[in-house]
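Worksheet: one structure, shown below.
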Amino acid sequence: MKVSARHTMLFPTFPVSFLWTLCSVNVFVLTAYSDLLLEDDPFQPVTSDETVAVGGTVTLTCQVAENDNSSLQWSNTAQQTLYFGEKRALRDNRIQLHRSTPTELSITISDVQLSDEGEYTCSIFTMPVRTARATVTVMGVPGKPQLSGYEEPVLEGERITLTCTSSGSKPPAKLRWYRGHEEIQGQPQDVAPDPDDRTFRVRSELHLTVTRADNEAPIACTVDHPALAEGDKRTERQLIVQCKGPRRRGVGGRGPVRRAFLGDRVYASRTTRGQWRDGVCMHCLGVGSLLTLTPPRPRKPLPPVSSSDSPDVNIRPVSDLPREGEKFLLQCVGIGNPEPTSYEWKKKDGELPLLAKVDGSFLRFELLNKSDNGMYLCQADNGIGQGQGEYVLLVQDPTAMSASSGVDHAVIGGVVAVIFFILLCLLIVLGRYLIRHKGTYLTHEAKGSDEAHDADTAIINAEGGHSSAEERKEYFI
């Protein structure tokens, strides 16, 4: 028992929680000490995190307090060197040098894409090498909201459902509903991630029981997102409400009776304070009554309303001549009633290229390649049916096109030169012919008439008369 007590005194038993607390304190002290050393280190690079929207420009700045003639360097998320001092290391025209001094290296990245998101590293090659990281967060810009669920006038008291959708946002956008300038509460929105481009598609519904006060009131859906200014993306639709008075038998009161047809019923009202449109009382303010007539009197039929159907889909290119190494854009155009609210892009017999980005109804090619050739399909959905369009992409070789264009120009130049030479020869021949035959005439002088004493003798002594007259030619040059 004594030995056991002696061992207990030599090796006391500590609680496990106490040991964990002690280790945590040591780690915290070491971390704080290392941070203090870094803050006091004049050669330690200093960077800052940046946030930018798709298509924008971001500036990455790396600074040190002192420099011993060591070079600063920026690297991208794949640890590829972008700039080493003032020297460009990666051939990307979007990346440009902003400022380079012994204590600062700043670069800019324009036309930022979602693939540019990640950690960028600034290094200074001292002994040892010191580094600092800057996180670039890229926000996806949401598309214009698509509003569906209401197409035709509704009766007072009916309940309607409007649906608003927007895609391409990162982080997920927030949808807001407005009636005029008043914000109204919709249903909790659904958020669905898009695995192709790391963005989100948001959807919200609004359930509304319409009243006569809602007639001609604008119902709007707006997108709230950090990448947008307030009110940048907004879609609205105007409500048309058909209202009626309370039901009762007979028509009392004074004034002319106004009748309106709605289906097989005839509405009669002794009020002139309503708005009548196409035989229907719109936004009636007075007291009306319901009357049933069998059969209703003949009337002119209203124009038919177009029925809902699957959309017709066409794919339109922004350029009819896609060239290798250039940007290219395809637009999916859907026409239907209602209009399409969602689009899906596919490539027949394969997957979409890595550099092809889907942006709602647009398919963007950042850099065309021969491997992008093929048939592309766009499927549009309007909530009632689906339609599909096709487009065959054939990427052209710009070098071959320029060579063939040079050959065509040479052939055309040769033909023009030959025609010009022929015309010149014809002009020379025609000129010589005209010069040789210009000013030719005949002189008929009787030989021997110089020795005659009078005119009669000269005529008698003439040799040959006019028939043997000598032809003389004179040339004027």
### Query
If you take the C-alpha gyration tensor of region 309-397, multiply each eigenvalue by 5 and take the square root, what semi-axes do you get, largest first, in whole Å?
25, 11, 10
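Ordering Lys370, Lys170, Lys87 from largest to smallest accessible area (1.4 angstrom probe), what's the sequence? All intermediate terms of the calculation are to be shown ahead of the outcome.
Working: Lys370 90, Lys170 30, Lys87 150 Å².
The ordering from most to least exposed comes out as Lys87, Lys370, Lys170.
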## Note on the structure
The distance between the Cα centres of region 322-374 and region 94-153, in whole Å, is 24
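How would you rank 331-339, 427-435, highest first, on the average number of other Cβ atoms within 10 Å across their residues? Let's see the in-between values first.
Details: 331-339: 18.1, 427-435: 10.1.
In decreasing order of mean packing, 331-339, 427-435 become 331-339, 427-435.
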## Note on the structure
Given backbone amide H placed at 1.01 Å from N, residues whose amide H is under 5 Å from that of Gly186, ignoring those fewer than 5 places away on the same chain, are Trp177
### Query
For the peptides 376-385, 112-121, what is the packing order when you average, over each peptide's residues, the other Cβ atoms within 10 Å and list the highest mean first?
376-385, 112-121
### Paramagnetic reach from Asp68 in region 111-141 [backbone N under 16 Å; point 7 Å along Cα→Cβ]
124-131
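Give me Rg/Rg_expected for region 54-106, where Rg uses Cα atoms only and Rg_expected = 2.2 N^0.38 Å with N residues.
Values: Rg = 11.5 Å, N = 53, 2.2 N^0.38 = 9.9 Å.
Dividing the Cα radius of gyration by 2.2 N^0.38 Å gives 1.16.
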### Task
Could you list which residues have their amide H under 5 Å from that of Asp194, counting only those 5 or more apart in sequence or on another chain, with H placed in the peptide plane?
Thr199, Phe200, Arg201
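The values are calculated or read from the model by the stated rules, or taken from the named source; none is laboratory data. Just so you know, these numbers come straight off a predicted model, no measurement behind them. Ideal geometry is used to build each Cβ from the backbone, glycine not excepted, and the neighbour counts take in all protein chains shown. Note: areas computed on protein heavy atoms with side chains; ligands, DNA, RNA excluded. Shrake-Rupley method; radii C 1.70, N 1.55, O 1.52, S 1.80 Å.
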